[in-house]
Structure formats: C-alpha cells, structure tokens
Amino acid sequence: MNRISVPPPAARGSSRGVLLALAAIALPVVSGCARTLTIHQKDIINTGMEGKRALAERRGEPLEVDIVCVLPGDLKKEQNKALAPDGNITCEDWYKRRPLAGAPDPARFDLPREQIYLLGDERDTSQVVGKRVGKRLCGAKQDRKDKVVINGVNFPSGALFDDRAVIYVFPRFIGENKQVLAEPPAKFHPPGSYRRELFVEIGVDDSAGANKQYVKNITEKKLGPTEKSP
C-alpha cells in the first residue's frame, strides 16, 4: 500500500510559499516592445572638420551616436522640456546636456540608463548614462559595411502611440572647431506609428559645396493607433 506523507504545519506553510512564488512567476509580465534600428551609413561620414579640404581628400572622423527613448512621464521634469517631440532640439543640445554618471545635475537631462543606447568607444561612454551597444561609426568605406544593426531598443507598449513619446537618433557631428554641430536629429514620433524595424541614414550633403552633415529617418510610416504592429 502506498503511503502519502503529510508535511507538518511548518512544512505545509513553506510549500504554500513556494507555490505562491511559482504562481507569481507564471503571471504574464507587461514589458516593452523591442525595436530594431538599422543605420545606413554612407562611404564617408562626419566630415565637418574637413570643410577646407577638397572633396576628394576628405576622410571623415569616427562618429558617436546616441539613441534616446523619451516617454511622456520624462517630459514632466523641467530639465527634460527640450526633449519634447514638437520642439527643435539639435544634436548640439543633446551632447551639451546628456546625463552623466554620478549625482543628478539639474542643468542636464534626466533619463534612466535603460532608455539611452550608445554607439561609442568604451572610454567615450564610461562616464555617460546609457547602455553601450556598439562602437563608433567610421563610414561604410572604412568599416567595410554600410549597415549597422542595433537590436533590442525597448519602448513600453503603453506609450507607443502617445503624442508625447519619441525615439531620437543623435549623431555627434563635429565641426571645424571641434564643436558639436547644431544639426537636427532623426526622430520617430510617435514610435508606434512605425514598424518594429526602424531605419535611418547618416551621410554628408556635398551639393554646392555644402559639406552638410545629416541623419534622417528613412522608415516608411505605415501604422496608426488602431492598427497592430506586425
């Protein structure tokens, strides 16, 4: 005859705690929607320091890029007002005020680390708030690839279609005096109106000798708030 062992009261309580813990693990977890960002880079990029050189002699400089997710709640903080998607923030503005490691600085933006993705050398990003996801870009010719893919750009599903939500792409374009240029970033506003695969292009507009650095959103905008992302 098989015997069934009944645990003593203390053990039964312990078992119940284990069951409750397992049940909690089994509950669905509300998480963000991960997006993929593909950066298409031209052969030579970040040539702002070489404006006095002949076009054929320009080689470009390594380029840092920050990908920044801004949520509606972030804009409630006074120091983040300039990040509003209907504003005119530039790459220069971002790099002057991007959050640094250490105590919060009211003169800088205040965003969580998990909302900032950094392309840069380790020494360049070690004192910056954010997650390093790759190295600096050097142009398709030097990198021997014209596409760089960043996976896992997370954005909370509940804010995807909020008009105050935005994803920015800020390249650190450098000018002749080594200053960050006041070029506009690429932006996805609101993020949910695009498919999960996001695309930007980084290059130089040399028409009429302009030597103008640019980043632009080249993702087709297809989805509305009543549609579902595939």
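Quick note: the coordinates plus some simple rules give every number you see, no bench work behind them. Quantities reported herein were computed from a predicted structural model and do not represent experimental measurements. Note that each Cβ is placed from the backbone with ideal geometry, even for glycine, and that neighbours are counted across all protein chains shown.
Numerical summary
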| read-out | value |
| --- | --- |
| Pairwise label distance in nanometres, K222 with N154, each label 7 Å out on the Cα-Cβ vector | 2.6 |
| Those lysines that a straight Cα-Cα span of less than 29 Å connects to K147, excepting residues fewer than 8 apart in one chain | K42, K52, K96, K131, K135, K178, K187, K212, K216, K221, K222, K228 |
| Length added when fully stretched, C33-K76, from 0.36 nm per residue minus Cα-Cα | 13.2 nm |
| Paramagnetic reach from A107 in the range 52-90 [backbone N under 15 Å; point 7 Å along Cα→Cβ] | 79 |
| Distance between the range 44-87 and the range 131-195 - C-alpha centres, whole angstrom | 8 |
